[in-house]
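The values are calculated or read from the model by the stated rules, or taken from the named source; none is laboratory data. Everything quoted here is computed from the prediction, not taken from an experiment. FYI the Cβ positions are ideal-geometry reconstructions off the backbone, even for glycines, and counts take in every protein chain you see.
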């Protein structure tokens, strides 16, 4: 028999001061329970809540702006989480995203109450998580009390362990049936398209794709739509609109995948309603837990794995900082490092880190390629792991390159206005030995010659 159906206000009364609650991740975060809990704020203190990639404002934060009652801990920041971190209402937990189920099973104290938004119960007695599998299974296994919040707008998604059986549910509450939150897709800039063209040229028939969030990775998908490439596969953490379009175009068949042949593998989808409609009851799409999608030992089993991720800053030794701006946290490690490693270990695999060479801050143009990282910046991908690095000025493979060779190659990927200063610092601090000279020879298009950039 399913758990008892109760009102959200009744469910919120189970919460006591000092408890650890879990809201799950992305689309699984509860809404009506959250509002009912926030209404009890004056009765509670030191209630700690774990979540990830918050897609809507949280009442427990909005109704407790000074953090006197609720403390929120995120495994990965969304734009909303970042803003709340800036005002001291959200704290980040460092990780490799694919390891989180193991953290719950091995290192974290039991969750006092897990509250997860799900589809209505199915004929098999399961409450489906929809397009957000991640680590919900591990949370439920280690929760003292499990509450599900029903939402009839969540797409029903096939996948391994992508749901909770009624026998494990203590209470059910009716949700407000809002559609899944959408993630806007910014229009790719010309720089995005230039970088994407370089990467797309390296993707061959039968390649298996992982695409990160952002304009550049989605621009790669747009270019592949118009290419002749075929039989692509997908094994990714995040299912994006770009990947969804590739699937609907017929470019994605998974026919040449070594693992999970014919299946699109992902752990969560975040994008448009069209993306969620494509996922709904689609037998080609399989939503796995994140310890399957993100494990380098799993990723590497697909031959010709291609991993494409953004970064915000890189130094002349190849250290990639993708998640902070100094001590200000922006996003999170996510699965970047695990996919970089898994793609490299794949037979014929390639991993790409992409970025624009510059950005604007308070009206000033600044270089993303720097001699040394901004103080406080977090290294997301170590220099030893970086394979292909791409900007609008070219592409280089850093594997096997000495510090001097790396510095030379990376300087050539910087905006021309910053190269002289970078070169001066590289010589001054002996990254490039005295007497060694080089120049950033460019093609007519302004980018590195192909043979140079990949040598």
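Test of understanding: among 109, 102, which residue is closer than 22 Å to residue 236 by Cβ and surrounded by fewer than 22 Cβ atoms within 10 Å (Cβ to Cβ)?
Values: 109 fails: closer than 22 Å to residue 236 by Cβ.
Result: 102 is the single residue among 109, 102 that is closer than 22 Å to residue 236 by Cβ and surrounded by fewer than 22 Cβ atoms within 10 Å (Cβ to Cβ).
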Inset, instruction - Please go through segment 377-397 and pick out each residue that is in a loop (DSSP other than H, G, I, E, B), more than 22 Å from residue 324 (Cβ to Cβ) and in contact with a strand residue (DSSP E or B) (Cβ under 6 Å, 6 or more places away or on another chain). - result: 387
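Condition check ((1) under 20 Å from the mean Cα position of the chain (by Cα); (2) surrounded by fewer than 19 Cβ atoms within 10 Å (Cβ to Cβ); (3) touching a residue at least 12 places away in the same chain (Cβ under 8 Å); (4) in the same structural domain as residue 216 (by TED's automatic domain parsing)) across all residues:
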{"residue": "355", "(1), (2), (3), (4)": "yes, no, yes, yes"}
{"residue": "362", "(1), (2), (3), (4)": "no, yes, no, yes"}
{"residue": "368", "(1), (2), (3), (4)": "no, no, yes, yes"}
{"residue": "377", "(1), (2), (3), (4)": "yes, no, yes, yes"}
{"residue": "380", "(1), (2), (3), (4)": "yes, no, yes, yes"}
Inset, instruction - Scan segment 401-420 for residues that are closer than 19 Å to residue 354 by Cβ and touching a strand residue (DSSP E or B) at 6+ places or on another chain (Cβ under 8 Å) and jot them down. - result: 409, 410, 411, 412, 413, 414, 415, 418
Inset, instruction - Scan segment 307-322 and give yes if some residue there is modelled with pLDDT of 95 or more, buried (at least 22 other Cβ atoms within 10 Å of the Cβ) and closer than 22 Å to residue 90 by Cα, otherwise no. - result: yes
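Is it true that residue 293 is within 19 Å of the chain's Cα centre (by Cα) and over 20 Å from residue 389 (Cα atoms)? Step through it out loud before you land on a result.
On the way: within 19 Å of the chain's Cα centre (by Cα): yes; over 20 Å from residue 389 (Cα atoms): yes.
Spelling it out, residue 293 is indeed within 19 Å of the chain's Cα centre (by Cα) and over 20 Å from residue 389 (Cα atoms).
Can you name the residue in segment 164-179 that is touching a residue at least 60 places away in the same chain (Cβ under 8 Å) and part of a strand (DSSP E or B) and, of all such residues, is nearest to residue 272 (Cα to Cα)? Lay out the reasoning, then the answer.
Of the residues in segment 164-179, the ones touching a residue at least 60 places away in the same chain (Cβ under 8 Å) are 166, 169-176, 178-179.
Within this subset, residues satisfying the condition of being part of a strand (DSSP E or B) are 171-174.
On the way: 171: 31, 172: 28, 173: 26, 174: 24 Å.
Across segment 164-179, the extreme among qualifying residues is 174.
Here is a yes/no grid of residues against (1) touching a helix residue (DSSP H, G or I) at 6+ places or on another chain (Cβ under 9 Å); (2) over 20 Å from residue 340 (Cβ atoms); (3) outside any loop (DSSP other than H, G, I, E, B); (4) touching a residue at least 60 places away in the same chain (Cβ under 8 Å):
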residue: 229; (1), (2), (3), (4): yes, yes, no, no
residue: 246; (1), (2), (3), (4): yes, yes, yes, no
residue: 255; (1), (2), (3), (4): no, yes, no, no
residue: 260; (1), (2), (3), (4): no, yes, no, no
residue: 265; (1), (2), (3), (4): yes, no, yes, no
residue: 278; (1), (2), (3), (4): yes, yes, yes, no
residue: 283; (1), (2), (3), (4): no, yes, no, yes
residue: 307; (1), (2), (3), (4): yes, no, yes, yes
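Out of 14, 33, which single residue is assigned by TED's automatic domain parsing to the domain that holds residue 140, under 22 Å from residue 166 (Cβ atoms) and assigned to a loop (DSSP other than H, G, I, E, B)?
Details: 33 fails: assigned to a loop (DSSP other than H, G, I, E, B).
Selected residue: 14, the only one of 14, 33 that is assigned by TED's automatic domain parsing to the domain that holds residue 140, under 22 Å from residue 166 (Cβ atoms) and assigned to a loop (DSSP other than H, G, I, E, B).
Does at least one position in segment 327-335 carry a residue that is farther than 25 Å from residue 83 by Cβ and surrounded by fewer than 20 Cβ atoms within 10 Å (Cβ to Cβ)?
We begin by selecting, within segment 327-335, every residue farther than 25 Å from residue 83 by Cβ; these are none.
Within segment 327-335, none of the residues are farther than 25 Å from residue 83 by Cβ and surrounded by fewer than 20 Cβ atoms within 10 Å (Cβ to Cβ).
Could you check segment 45-59 and list, in sequence order, the residues that are within 17 Å of residue 112 (Cβ to Cβ) and either buried (at least 20 other Cβ atoms within 10 Å of the Cβ) or out of contact with any strand residue (DSSP E or B) (no Cβ under 8 Å at 6 or more places or on another chain) (or both)?
Residues of segment 45-59 that are within 17 Å of residue 112 (Cβ to Cβ), as a first pass: 45-51.
Selection gives 45, 47, 49, 50, 51.
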Legend entry - Flag for residue 182 being assigned to a loop (DSSP other than H, G, I, E, B), in contact (Cβ under 8 Å) with a residue 24 or more places away in the chain and not assigned by TED's automatic domain parsing to the domain that holds residue 271: yes
Legend entry - Selected residue (criterion: farthest from residue 332 (Cα to Cα)) from residues of segment 38-61 that are part of a helix (DSSP H, G or I) and in contact with a helix residue (DSSP H, G or I) (Cβ under 8 Å, 6 or more places away or on another chain): 41
Legend entry - The one condition in (1) in a loop (DSSP other than H, G, I, E, B); (2) buried (at least 17 other Cβ atoms within 10 Å of the Cβ) that residue 348 fails to fulfil: (2)
